[in-house]
Amino acid sequence: MIRLPDPAHAALEQRAQQAGEPLASTAAGLLRTVLEENETATSRRARLRTRPASPPRATGAGAPWIAPEDDPAWHQNTWGAIVALYERYPRALAKLEHDWYEHSERVETLAALATWRANIDSSAEDPREELAFHNALQQLARILDQTPGLGRPFKAGTTMPVEWSGSESRA
């Protein structure tokens, strides 16, 4: 048995009457719906928090969003993190050019955003971090929107370019 405040009980009775079903059936259906929605939201939050992130670097190794000379794994990890960022924010990154990985300024910006997002997802405590991230993401979206001649847009299913799969990089 579940006890409800009078206004909630009255609303539940009204729903049951409108549906032409017993009060307990209406209550059970609403509870199932809420639990299913909560499970869906919880699994989505968990999936978003497990996006690939760049591995930590040794102290003094430089910024993790800048491609190192001697770390071929950086490209693979960064590609995955940027594609995850693209999939998470498809509207903001809708005008990302198909060859972004050939331009160091775009690679560094996207890698910095992906690193920032991973840091927020894993340990953020201040909501201002989230707001600042989204401001930076919107600024990039405006830049992409206002840059003429970008050509065809990037697609999430694009395979990692050969030059990124080895130790060489064009970025």
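Of note:
- Any hit, the stretch 153-162, residues being among the charged types (D, E, K, R) and modelled with pLDDT under 80: no
- Filter result (at pLDDT 90 or above and of a type in the set (A, V, I, L, M)) within the stretch 128-152: Leu131, Ala132, Ala136, Leu137, Leu140, Ala141, Ile143, Leu144
- Pairs linking a residue in the stretch 1-24 that is of a type in the set (A, V, I, L, M, F, W, C) to a residue that is in a loop (DSSP other than H, G, I, E, B) and loosely packed, with under 10 Cβ neighbours inside 10 Å, with Cβ atoms under 7 Å and 6 or more positions apart or on different chains, do not occur.
- Qualifying residue in the stretch 67-85 (condition: loosely packed, with under 15 Cβ neighbours inside 10 Å and modelled with pLDDT of 90 or more): no
Okay, residues lined up against (1) among the small types (Gly, Ala, Ser); (2) over 14 Å from the mean Cα position of the chain (by Cα); (3) under 17 Å from Arg142 (Cα atoms); (4) part of a helix (DSSP H, G or I):
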| site | (1), (2), (3), (4) |
| --- | --- |
| Ala81 | yes, no, no, yes |
| Glu87 | no, no, no, yes |
| Pro90 | no, no, yes, no |
| Ala111 | yes, no, no, yes |
| Ala114 | yes, no, no, yes |
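The values are calculated or read from the model by the stated rules, or taken from the named source; none is laboratory data. Just so it is clear, the model here is predicted, and its values are computed rather than measured. For neighbour counting, all protein chains shown are included, and Cβ atoms are generated from backbone atoms with ideal geometry for every residue, glycine included.
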